[in-house]
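Written out below as structure tokens is the structure these notes cover.
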Amino acid sequence: MTRRAKRKAMDAAPRCGARTRSGGACKAPAVAGKKRCRMHGGAEGSGAPLGNKNAVKDGKFTREAIKERRAAAERFRIARWVLSKELRRKFPG
């Protein structure tokens, strides 16, 4: 294959299309059989592990923990409201 033919084949290859930091599309050719280039996840072994095991660390953002924090915040709001109402009653004006 000549240099010109190789260049033509490279130009005809589908592009990656991932967004760059400047907002444009990545111009690198996509890996064969994939939609992204080697730098944006098309390479073997790239990307996050299956099941996203990296996200499970301390349970701070589980449904239960979020629910508990919201309930505590609501209790604090009620307590603040009751205290402000009581203070206004004791010390008017």
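The values are calculated or read from the model by the stated rules, or taken from the named source; none is laboratory data. Owing to the predicted nature of the structure, the values given are computational and were not obtained by experimental measurement. All Cβ positions, glycine included, derive from the backbone under ideal geometry; neighbour counts span all protein chains shown.
Of all residues in region 23-36, which are part of a loop (DSSP other than H, G, I, E, B) and touching a strand residue (DSSP E or B) at 6+ places or on another chain (Cβ under 9 Å)?
Cys26, Lys27, Ala28, Ala30
Tally time: how many residues in region 1-36 are surrounded by 11 or more Cβ atoms within 10 Å (Cβ to Cβ), without any contact (Cβ under 8 Å) to a residue 12 or more places away in the chain and among the β-branched types (Val, Ile, Thr)?
Total satisfying the criteria: 1.
I'm checking my understanding of the structure. Among residues of region 37-69 that are surrounded by fewer than 10 Cβ atoms within 10 Å (Cβ to Cβ) and outside any loop (DSSP other than H, G, I, E, B), which one is modelled with the highest pLDDT?
The selected residue is Glu64.
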